[in-house]
Structure formats: C-alpha cells, structure tokens
1. Please build a GNM for the chain, connecting alpha carbons under 10 Å apart, and tell me which residue among Arg17, Arg96, Arg67 fluctuates the most.
2. Return the label of the correct value of Rg and Dmax of the Cα atoms in Å, as calculated from the structure shown, out of (1) 17.8, 53; (2) 19.9, 63; (3) 12.9, 38.
3. With a cut-off of 13 Å, note down the residues of segment 29-72 whose backbone N falls inside the zone around a label point 7 Å from the Cα of Ala15 toward its beta carbon.
4. Just to be sure I understand: with springs between alpha-carbon atoms less than 10 Å apart, which residue in Leu34, Leu68, Leu14 has the highest mean-square fluctuation in the Gaussian network model of the chain?
5. So how strong a dipole does segment 24-96 carry about its Cα centre when Lys and Arg Cβ are +1 and Asp and Glu Cβ are -1, to the nearest 20 debye?
6. Over the chain, with every protein chain in place, what whole percent of the accessible area is carbon and sulfur at 1.4 Å, could you tell me?
7. Give, as ranges by residue number, the residues of segment 8-51 whose backbone N falls under 15 Å from the point 7 Å along Cα→Cβ of Ala66.
8. Could you pull the accessible area for Glu44 with a 1.4 Å probe, rounded to 10 Å²?
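The values are calculated or read from the model by the stated rules, or taken from the named source; none is laboratory data. Note that the structure is predicted; figures quoted are calculated from it, not measured. FYI the Cβ positions are ideal-geometry reconstructions off the backbone, even for glycines, and counts take in every protein chain you see. Surface areas here come from the heavy atoms of the whole protein model, side chains and all, with no ligands, DNA or RNA. Shrake-Rupley method; radii C 1.70, N 1.55, O 1.52, S 1.80 Å.
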Amino acid sequence: RRVANSPYDPRIRLAERSARQEETLAALARIGALQPPSDATAREVLQALVAGFLHSPRADYRAYQARLVAYNCEFIAEVHNAMSDRQRAKAVKKLRAREADFRSLAGR
C-alpha cells in the first residue's frame, strides 16, 4: 500500500538528473574555456555545481524532494514500528555492516 501511494515519480527524477548532467557539461565547458587556466575560477564553478547538486536550483524539484523525504520518513517509521525486537536487532546488525562497508570505502 505504501509503495503504491508513494509520491516518487521516475519522470521527475529523470528530468532533474538530465538537468544536472547538462549543468555539469556546461560547467566543465566553462572550465575548459578558461584562458589562461585559473584554479580559483575553476574552483568557483565546481563549488557552484556542487551547491546545485545539494540544493536544486529548481523550486518545483525541491518541493517534490521535500514531499518524498517526508513520505519516506513516515514509511520507514511505520515499518520500524511494525517490527518485532528480533527483526529490529537483525536490521541494526545489517545496517552496521553496511556502515562499516561505506566507512571502509571512504577510507575512514
């Protein structure tokens, strides 16, 4: 029921991903066109690009993302509340293993 009612829309996600790819290509083109090359300008361009990845410049996508995050938080809380103690313990063990994997990959 929860999955069927999810606000997730792959078309919206694809549109955002495509926009970000275009922005990435444009940023790289700007950096490549710098004459003479400038580390400071390249850094500024890349920082702006990353900022756009963290906080979309498109208000409609930010609103969609906020709805999706709220929905997913409710979904996870519902699943958590429906778990037995044994299931929770198993989930914690699996999540800790994944955390260790990510930390290892990150070199931490």
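1. Arg96
2. (2)
3. 58-65, by backbone N distance to the label point.
4. Leu34
5. My answer is approximately 440 debye.
6. It is 59 percent, rounded to a whole number.
7. Of the residues in segment 8-51, none has backbone N under 15 Å from the label point off Ala66.
8. Only protein atoms counted, so the area is about 120 Å².
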